[in-house]
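The values are calculated or read from the model by the stated rules, or taken from the named source; none is laboratory data. Computed from a prediction, not measured in an experiment: that's the story for all the values here. Virtual Cβ from ideal backbone geometry, glycine too; neighbours counted across all protein chains shown. With ligands, DNA and RNA removed, areas are computed over all heavy atoms of the protein, side chains included. Shrake-Rupley method; radii C 1.70, N 1.55, O 1.52, S 1.80 Å.
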Amino acid sequence: MLLPDAASLDRLADQGWPALEREQLDGWTLRASSRVTNRANSVLTSGLVDDLDSAVDAAERWYAARALPPVFQVSPASHPSLTDALGRRGYRDHSPTDILVADRAAAAVAAVDPAVRITDRPDDAWLDTWWSVDGRGGADERDVAARILRGGPALYAAHGDPAAPDAVARLALVGEWGGLYAVATRPEARRRGLARALVQTLAGASAEHGVSGLWLQVLADNAAAHALYASLGFRPASHYSYCS
């Protein structure tokens, strides 16, 4: 499997979790989605701009016009002086996140787990489980999140009662790559290997969609998640953080 560079991984993740509003600023992408998730409400900075300070100024104006705080996603593909330039303006780095990749076939199971259901749209029960674990906000924010999820092709896995799954996960389909998002297990169902089953089943199911490689994002300090994904064949490929 050919390892993508940092800029390619940034673009894959952007496509896998598409903001509701976006606008190009030279090589940067300005993204907004009513404050729901950092990714969908931040500047993707893995591209060239004519003048760094002018680009930051323009981004700040764009977010101010939407009553949103300016947030910048900074990765190895960003301008090498961007973090320092933002620091001089009072921005602080936070939420360091690792990007991991794996060969799809290595992460898949030979046979699909019959307890895991795969669909191409998230129903209300899937959304309820994910939002109960990872959601931040009320009904309006949940609606925005649902619109983001449905913004591109994906596979949705759920385990347990169809009316109230105990674990869910999403695999965004972006060309030959599949991106894992929204892997969530209800607290009472943890330590049963459900996340592993969902990831392996999604990896297997994605073969018929032409997927050969997988990526995911995990917080740098989430040791348990890193251990799980390492056991499934994922390895570090890049990283990023947010400045706000």
Q. Do we have Val112 as open to solvent by 60 Å² or more (accessible area, probe 1.4 Å) and either at pLDDT below 95 or touching a helix residue (DSSP H, G or I) at 6+ places or on another chain (Cβ under 8 Å) (or both) here?
A. yes
Q. Tell me, which residue of segment 69-80 that is surrounded by 18 or more Cβ atoms within 10 Å (Cβ to Cβ) and out of contact with any Leu (no Cβ under 7 Å at 6 or more places or on another chain) is nearest to Ala7 (Cα to Cα)?
A. Ala77
Q) Can you tell me which of Ala230, Ala182 is surrounded by fewer than 17 Cβ atoms within 10 Å (Cβ to Cβ) and under 19 Å from the mean Cα position of the chain (by Cα)? A) Ala230
Q. Within the group Ala107, Ala59, Ala125, which residue is under 30 Å from Ala163 (Cα atoms), open to solvent by less than 20 Å² (accessible area, probe 1.4 Å) and touching a Pro at 6+ places or on another chain (Cβ under 9 Å)?
A. Ala125
Q: Exactly one condition in (1) at pLDDT below 95; (2) within 19 Å of the chain's Cα centre (by Cα); (3) charged (D, E, K, R) is not met by Arg191; state its number.
A: (2)
Q: Starting from segment 139-157, keep only residues that are open to solvent by less than 70 Å² (accessible area, probe 1.4 Å), then list their pairs with residues that are assigned to a helix (DSSP H, G or I) and of a type in the set (Val, Ile, Thr) whose Cβ atoms are within a distance under 8 Å, requiring at least 6 positions of separation or different chains.
A: Ala157/Thr201
(Q) Looking at segment 17-37 only, could you name the residues that are under 16 Å from the mean Cα position of the chain (by Cα) and surrounded by fewer than 17 Cβ atoms within 10 Å (Cβ to Cβ)? (A) Leu20
Q.
Here's a check for you: in segment 185-210, which residue that is open to solvent by less than 10 Å² (accessible area, probe 1.4 Å) and in contact (Cβ under 8 Å) with a residue 60 or more places away in the chain is nearest to Leu232 (Cα to Cα)?
A. Val199
Q. Got at least one residue in segment 159-172 being surrounded by fewer than 20 Cβ atoms within 10 Å (Cβ to Cβ), of a type in the set (A, V, I, L, M, F, W, C) and more than 18 Å from Ala189 (Cβ to Cβ)?
A. no
Q. Has segment 118-125 got any residue that is modelled with pLDDT of 95 or more, more than 27 Å from Ala6 (Cβ to Cβ) and assigned to a helix (DSSP H, G or I)?
A. yes
